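Structure first, commentary second.
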Amino acid sequence: MKAIPILIAIALSGCAMVDAEPPLTTIFPADARVLACAPTTLRDGQSLVLTLGQGHERELAIVREADETPYFLVVQSPPPDMRPFMLRNLFAVATRVEMPASITGYKWIGDGGNERIFTSPGEYTVVMSNDLESEIGGHSCAIDYRG
């Protein structure tokens, strides 16, 4: 299971041999009825299209899995220097969102700042939540960026 910093909580299994719970679960399950990414293999010059189900979460981020770097795109209270992809209230009612492979997001660790998200080939995870900085969960989808 891949780790998504700040954005993933893990439920640990019980120790008893009888009536044990499942060992690990994510609070960001993939469910295409709520969040679908297309294409699942993204190249420069293409756009990533998110199809959003009714009642989806209100905040959005993309995590580069190789170094577990989260880039926030839509949040309730963005830092003053963040350039949000869209306002939270508009994202909440959107059913389809299109973003170019050259999109920038706010690097949510270290010194922060607006940076291009897709810079190195590999796996990226799109995550939605009503509060990305909590452990309330949400939904996710994965893409492979090829450059």
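The values are calculated or read from the model by the stated rules, or taken from the named source; none is laboratory data. For clarity, every value in this text was computed on a predicted model and none was experimentally measured. Glycine also receives a Cβ, built like all others from the backbone with ideal geometry; neighbour counts cover every protein chain displayed.
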Within the stretch 55-89, tally of residues that are without any contact (Cβ under 8 Å) to a residue 24 or more places away in the chain and either acidic (Asp, Glu) or within 21 Å of Ala38 (Cβ to Cβ) (or both): 4
Residue satisfying all of: in the stretch 95-115; exposed (fewer than 15 other Cβ atoms within 10 Å of the Cβ) and either among the hydrophobic types (A, V, I, L, M, F, W, C) or within 15 Å of the chain's Cα centre (by Cα) (or both); nearest to Gln54 (Cα to Cα) among these: Glu98
Residue match in the stretch 122-133 (condition: loosely packed, with under 12 Cβ neighbours inside 10 Å and free of Cβ contacts under 8 Å to residues at least 60 places away in the same chain): no
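Residues are listed down the side, and each one gets a yes or a no for (1) in a loop (DSSP other than H, G, I, E, B); (2) at pLDDT below 95; (3) over 19 Å from Asp31 (Cβ atoms):
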{"position": "Asp44", "(1), (2), (3)": "yes, no, yes"}
{"position": "Ser77", "(1), (2), (3)": "yes, yes, yes"}
{"position": "Pro80", "(1), (2), (3)": "yes, yes, yes"}
{"position": "Met99", "(1), (2), (3)": "no, no, yes"}
{"position": "Val127", "(1), (2), (3)": "no, no, no"}
{"position": "Gly147", "(1), (2), (3)": "yes, yes, yes"}
Residues satisfying the stated conditions in the stretch 109-125, i.e. closer than 13 Å to Val63 by Cα and outside any loop (DSSP other than H, G, I, E, B): Glu115, Arg116, Gly122, Glu123, Tyr124, Thr125
Residue check, Gly45 at positive phi, of a type outside the set (A, V, I, L, M) and surrounded by 14 or more Cβ atoms within 10 Å (Cβ to Cβ): no
Scan of the stretch 52-75 for residues that are in contact with a Phe, Trp or Tyr (Cβ under 7 Å, 6 or more places away or on another chain) and assigned to a strand (DSSP E or B), ordered by number: Leu60, Ala61, Ile62, Val63, Arg64, Pro70, Tyr71, Phe72, Leu73, Val74
